[in-house]
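Colleague: Shown below is the structure under consideration.
The values are calculated or read from the model by the stated rules, or taken from the named source; none is laboratory data. It should be emphasised that the depicted structure is a prediction, and the values quoted were computed from it without experimental measurement. Glycine also receives a Cβ, built like all others from the backbone with ideal geometry; neighbour counts cover every protein chain displayed. Areas reflect the complete protein model, heavy atoms only, side chains present, ligands, DNA and RNA absent. Shrake-Rupley method; radii C 1.70, N 1.55, O 1.52, S 1.80 Å.
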Amino acid sequence: MAKQDLIVLALNPSPTLDLMEHALPAAGFGLGIVHNRSELDRAMQESIPALLIIGDKFVDQDGLSISAGILERFPTLPIILYADKDTTGFAKSALKMGLSGYLYAPLKMEDIVGEVQRSLARARQLGDWLRREVKRTTASLAEKAEFSESERHKLEAIANIQDGVVVMDRNKNVILVNRAVRTIFNLGNKELAGKPLADVISNADLKALLDRASDGPLKYHEINFDDGRVFNAQYTPIPKIGGAVTMQDISYLKELDRLKSDFIHTVSHDLRSPLTSILGYTELVERTGPLNANQQEFLHRLQGSVQHITTLINDLLDLGRLEAGFDTRRELVQLENVLKYSLDMFETQVKKKNIKLTVDVAEGLKGVRANPIRIRQMLDNLVGNAIKYTQPEGAVRVSMSMQGDQIILKVDDTGPGIPPDEQGRVFEKFYRATNTVDGVQGSGLGLAIVKSIVDSHQGRVWVESTMGKGSSFIVLLPVQE
Ligand code: ADP
């Protein structure tokens, strides 16, 4: 048999008490009757009843204030207040106090049983809801505990990896730096959490990276140290937290790159003199006596090839000089003036391919502090490529404008376009994209030279291109203040 619900009656002797004594057991409830306050307290201590019915006067005390005390200890216990008669405000004060019901004489059996059942049902509903809530909160707490445990493991993993990792909040205050970063910047065991990263680590390259952080995730950014070490750093925003800087030591790659550049430079240098003399002698051959048509043709082919290698070698030597930082000449240069020379040089090619060339230079362009020879080289390469890769009857547009303290140079064409996955690579040395039309010659060095020139003038260059539609090369250069 199911356990009976125990109902405690704390009522003064009256016909109603008698009635309840009969009605409730008959309805299947267990009954406990207490006769004074101390019996009531004991009963509550022994086992919490399912429901309490208390008189508004119990012995000589006020039922409402006894109920208030009991509710403080057992907030979910259903309590019904009983009064000999309905007085103004009786029901209101019972409900205001948080009791679950009230009864007043005269009463019939079903009034009593009905009110008891209603109160118990409501208490059960409340109990169920509470249990559900507790379960839900416990589950979410457990989840959180599990989460922070796994977070802790992750943080430990970060602390131990070889790459440098700094995690910052939205205001660029340090949340975490790992051991590698402490070693890289010689930070010892200083407490860094909560401090602005720029104050903790004073490195100009790192500062520049943080300043550019709002431009979005950056893939390549070099951090240089006076002792020759070089790191590649990336900034990655972390939603809801702030961001992270990760750094890898690329000193050995830089050293390899330097060795390779030195090698190329030496070889190119040594090759240039014999090539110049080959070219010189082929020109002399023509002058020393009449040649037949075949000999003439072979000689021209020879000259073409030597010319091609000489251009390549010159490009390589140029790149070597630019990369070594030898380009220090600076004067005030008006880009639009240099552009005229460049366009003159391509006039014949433009006419031959019947390319529609448009030039759009905004009024009042400011000058840039630059090396005019390098600027000319940059324009020659960009405009030259646009003309070279665009099919006959296509269009090329060169525009220059100002935005804030920068000059924007754009070279647009209606050429073949560059596949999206290759657009980032066309600025690499010797990289020729797969879009190149048969017969279009090149060394893959032109854009590498452009990038080096732009970099050495503190500018930025990038390409936007759609396959089959054309490409736009965009250069930003800071103007002279
Ligand atoms: P190249 O000597 O091959 O022209 P560049 O460094 O100037 O070398 O360019 C690298 C590659 O980028 C080219 O081989 C070509 O695939 C691509 N490219 C450069 N400019 C354009 C352009 N305007 N339109 C289409 N592709 C281009």
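Colleague: Rounded to the nearest 500, what is the 222 nm mean residue ellipticity of the chain from helices alone, with -39500 (n - 2.57) per DSSP H run of 4+ residues and division by all residues?
Modeller: Numbers: 13 runs with 226 residues, N = 481.
When only DSSP H runs of four or more count, the value is -16000 deg cm²/dmol.
Colleague: Using protein chains only and a probe of 1.4 angstrom, how many square angstrom of Asp111 are accessible, to the nearest 10?
Modeller: Surface open to solvent at Asp111 totals about 60 Å².
Colleague: Taking N as the number of residues in the stretch 188-319, what is its alpha-carbon radius of gyration divided by 2.2 N^0.38 Å? Show your work: numbers first, answer last.
Modeller: Working: Rg = 26.6 Å, N = 132, 2.2 N^0.38 = 14.1 Å.
After normalising by residue count via 2.2 N^0.38 Å, the value is 1.89.
Colleague: Leaving out ligands, DNA and RNA, what percent of the accessible area of the chain is carbon and sulfur, probe 1.4 Å?
Modeller: Details: 15270 of 28060 Å².
Using a 1.4 Å probe with all protein chains present, the chain comes out at 54 percent carbon and sulfur.
Colleague: Kirkwood hydrodynamic radius of the stretch 398-463 from all distinct Cα pairs, in Å? Don't skip to the answer; put the middle values down first.
Modeller: Working: mean 1/r = 0.0746 Å⁻¹.
When all Cα pairs of the stretch 398-463 are included, the Kirkwood radius is 13.4 Å.
Colleague: Then there's this: Along the positive direction of the dipole of the stretch 184-287 (beta-carbon charges: Lys, Arg +1; Asp, Glu -1; about the Cα centre), which of Ser268, Asn189, Leu284 reaches farthest?
Modeller: Asn189
Colleague: Here's a follow-up. Solvent-accessible area per residue for the chain at a 1.4 Å probe radius, Å²?
Modeller: Working: 28060 Å² over 481 residues.
Using a 1.4 Å probe on heavy atoms only, each residue of the chain averages 58 Å².
Colleague: Calculate, in nm to one decimal, what Asn294 and Arg425 gain on full extension: separation in residues at 0.36 nm each, minus their alpha carbon distance. Please list the in-between numbers first.
Modeller: Numbers: separation 131, 0.36 × 131 = 47.16 nm, distance 4.20 nm.
Using 0.36 nm per residue and subtracting the Cα-Cα distance, I get 43.0 nm.
Colleague: Rank Leu120, Leu382, His35 by how far each Cα sits towards the positive end of the charge dipole of the chain (+1 on Lys, Arg Cβ; -1 on Asp, Glu Cβ) and give me just the farthest.
Modeller: Positive-most Cα among the choices belongs to Leu382.
Colleague: If you don't mind, another one. Scan the chain and note any complete DSSP helix (H) whose C-alpha atoms cover at least 24 Å along its axis and whose Kyte-Doolittle average is -0.5 or more. Walk me through the numbers on the way to the answer.
Modeller: Details: long enough: 109-160 (76 Å, -0.78); 251-288 (55 Å, -0.35); 293-323 (45 Å, -0.29); 335-352 (26 Å, -0.42); 372-389 (25 Å, -0.07).
Both cut-offs are met by 251-288, 293-323, 335-352, 372-389.
Colleague: Another question about this same structure. Rounded to the nearest 0.05, what FRET efficiency do Lys240 and Leu126 have when you use their Cβ-Cβ distance and R0 = 41 Å?
Modeller: On the way: r = 36 Å, r/R0 = 0.89.
So, using R0 = 41 Å, E works out to roughly 0.65.
Colleague: Based on the inverse mean of 1/r over its pairs of different Cα atoms, what is the Kirkwood hydrodynamic radius of the stretch 94-194, in Å?
Modeller: It is 19.4 Å.
Colleague: Run the numbers for Val479 and Glu21: contour at 0.36 nm per residue of separation, minus the present Cα-Cα distance, in nm. Numbers along the way, then the final one.
Modeller: Working: separation 458, 0.36 × 458 = 164.88 nm, distance 9.98 nm.
Using 0.36 nm per residue and subtracting the Cα-Cα distance, I get 154.9 nm.
Colleague: Taking 1 over the mean of 1/r across every pair of different Cα atoms in the stretch 1-160, what Kirkwood radius in Å do you get? Don't skip to the end; give the middle numbers.
Modeller: Values: mean 1/r = 0.0561 Å⁻¹.
Value: 17.8 Å, from the Cα pair sum.
Colleague: With a cut-off of at most 10 other beta carbons within 10 Å, and DSSP calling the residue loop, which chymotrypsin sites (Phe, Trp or Tyr not before Pro) in the stretch 187-295 qualify? Please list them. Don't jump to the answer; show the numbers that get you there.
Modeller: Values: sites: Tyr220, Phe225, Phe231, Tyr235, Tyr252, Phe263, Tyr281; in loops: Tyr220, Phe225.
Filter output for the stretch 187-295: Tyr220.
Colleague: Could you size up the charge dipole of the chain around its Cα centre, putting +1 on the beta carbon of Lys and Arg and -1 on that of Asp and Glu, and report it in debye to the nearest 20? Don't jump to the answer; show the numbers that get you there.
Modeller: Details: 57 positive and 62 negative charges, 133 e Å.
Result for the chain is approximately 640 debye, rounded to the nearest 20.
Colleague: In addition: What are the principal axis extents of the Cα atoms in the chain, in Å, biggest first?
Modeller: 148, 55, 50
Colleague: Something else about it: Which of the pairs Lys240/Lys451; Lys352/Lys410; Lys340/Lys469; Lys260/Lys469; Lys154/Lys207 have their Cα atoms more than 31 Å apart in this structure?
Modeller: Numbers: Lys240/Lys451 36 Å; Lys352/Lys410 23 Å; Lys340/Lys469 26 Å; Lys260/Lys469 37 Å; Lys154/Lys207 27 Å.
Cα-Cα > 31 Å for Lys240/Lys451; Lys260/Lys469; rest within.
Colleague: Aspartates and glutamates near Lys85 by alpha-carbon distance under 16 Å, same-chain residues fewer than 8 away left out - which ones?
Modeller: Reachable aspartates and glutamates: Asp56, Asp62, Asp111.
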